[in-house]
Amino acid sequence: MYQSSGSVQEEDQCCEPPSTQGAAVATLNPPTTHTKQRPKVSSLLRQCGSTASEWNDWKWQIRQRIRTLEQLALYLPNLNIQPLANVIRKYPMAITPYYASLVRTPDVSDPIFKMCVPQIDELNNPACLSEDPLEENADMPVPGLVHRYPDRALLIATTTCASYCRHCTRKRVAGTRECLISARRLQQVIEYLTAHPEICDVIVSGGDPLTMPTNVIDAVLSGLRSVKSVQIIRIGTRVPVVLPMRITDELIKVLRKHHPLWINTHFNHPSELTPESAAACAKLVDAGIPLGNQTVLLRGVNDSHKIIEQLCRGLVRMRVRPYYLYQCDLVRGVEHFRTPLSRGIEIMEYLRGRVSGIAIPNFVVDAPHGGGKIPVTPNYVVTVSPTHTVLRNYEGLLVNYPEPGCGNSPCEEVKPEQSACGELAESAGVWELAGGQASVIQPADTNRCRRRQSIMEKRKKMTKLDSSFLFDL
Ligand code: SF4
């Protein structure tokens, strides 16, 4: 296995991440009170007995993770920890002090609390759930390498994460033993990729690959880069969310060597968009690494159109492109996080038209039985005919799109002003749109309609000179 020195052992076994080896986990003296506001870091520092430089040291944060119920109880004295022993025996707990500092209310009404503090509900397992619903294990030609799509593969490079998300889709592996990929395993991966030149895109995942020592990250990326057919490398990480101080200059220097490199982060809630996480993302983007974000739709955390809107707008401000909004997988231990599929469709219905396309993620279901990601959208195609497709927009406007070669249809006669505010609506129906006898059915009283009317009224009052200036500009 890789050691922090970069030397390689041949055995394929698990270990603590080198950054924590030999380090006694000190008792964290936690805050004794919680306010609605995020506790000031200076007050947390005092209570942890740590210095600012320790707080900003990612290895210190890893060493000081809350890993036991006793540590958790110090942080959250009102929490009944007794029933949680069975939960963390099955699904380990780790929370970085930084991420714990984002909890504002110490109960499940708090989104951060819900995502990181174990809950008894994790032991509720209806029959439809399984440990590996995406059947990743069945698609592993080499242990740790998932080859599902023709041109892509996913490498589970570690089972360690900075914080263990209670909603994790890989609960079967994340944190059960904290392991790094071995040199022997990496070699097998390289050999497989070399033998399959159709794979041009490799996603390094885990666990969280950015919890690995920097020299190991370098070794893994170098190994993948040594395969000529691998064009793109992507890293999936929640480090900018739960351990932003991990994005060090040293790490950036290593990542820069392996372009083209893309990173997908995992922000789920606007409370995670902190100055620290924004700084971490800025460092990555400034290093030329495009950032995308994968959000999981979680009941009681972010299953609201307003929260997702706020999250997506905030991400774009941080130069992170919202990429996927995932329906929760059918994973054992996450039933209490699942939302109806209709919730995600409602959210997408709300976003489209109100928010710039750059801030709208694709809502996807990662299909059970290894079916891969299936996009799920509101239905925008109302009907089709050989000559026209009838579409609807977010306002409920129905419009036809003429197929090539139907340029002589009556819709060509419609002037833009006519289609502004429902003037054709009375005699037209979907049938007429599909046949090309009408081109639009417009709801009568939308904001856009009112805006258009006022523009037209203003234009009528304009002199020719005014309006020519308007168009020249
Ligand atoms: S960081 Fe990713 S792999 Fe780790 S627990 Fe969270 S969701 Fe799972």
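Converting phi to 3J(HN,Hα) with the Karplus coefficients 6.51, -1.76 and 1.60 and the offset θ = phi - 60°, segment 169-178 yields 7, 10, 4, 5, 10, 4, x, 5, 9, 8 Hz in sequence order, with x at every glycine or proline.
Longer than 20 Å from Cα to Cα, which of Lys90/Lys114; Lys114/Lys373; Lys90/Lys171 are they? Say none if no pair is.
Over 20 Å Cα-Cα: Lys114/Lys373.
Between Asp201 and Ser304, the contour length at 0.36 nm per residue exceeds the Cα-Cα span by 33.7 nm. If only the Cβ of Lys and Arg carry +1 and only the Cβ of Asp and Glu carry -1, the dipole of segment 180-234 around its Cα centre is close to 100 debye. Between Arg89 and Arg256, the FRET efficiency from the beta-carbon distance, with R0 = 41 Å, is close to 0.50. Residue by residue, segment 315-332 carries 3J(HN,Hα) couplings of 5, 4, 4, 8, 6, 10, 7, x, 10, 10, 10, 8, 5, 4, 6, 7, 9, 4 Hz when phi is fed to the Karplus relation 6.51 cos²θ - 1.76 cosθ + 1.60 (θ = phi - 60°); x denotes Gly or Pro.
Roughly speaking, what is the stretch gain from Cys128 to Ala367, that is 0.36 nm per residue apart minus the C-alpha to C-alpha distance, in nm to one decimal?
Net length gain for the segment: 84.7 nm.
What the Cα atoms of segment 73-149 give is an Rg and a Dmax of 16.5, 47 Å. Applied to segment 182-189, the Karplus parametrisation 6.51 cos²θ - 1.76 cosθ + 1.60 on θ = phi - 60° returns per-residue 3J(HN,Hα) values of 8, 4, 5, 5, 4, 4, 4, 5 Hz, with x for Gly and Pro.
Mind checking the log10 I(q)/I(0) for segment 181-309 at q = 0.12 Å⁻¹? Debye, one equal scatterer per Cα, no solvent, two decimals. Rounded to two decimals, the profile gives -0.50.
No lab work stands behind these numbers, since they all come straight from the coordinates. Values in this document were obtained by computation on a predicted structure and should not be read as measured data. Methodologically, a virtual Cβ is constructed for each residue, glycine included, from the backbone with ideal geometry; neighbour enumeration extends over all protein chains shown.
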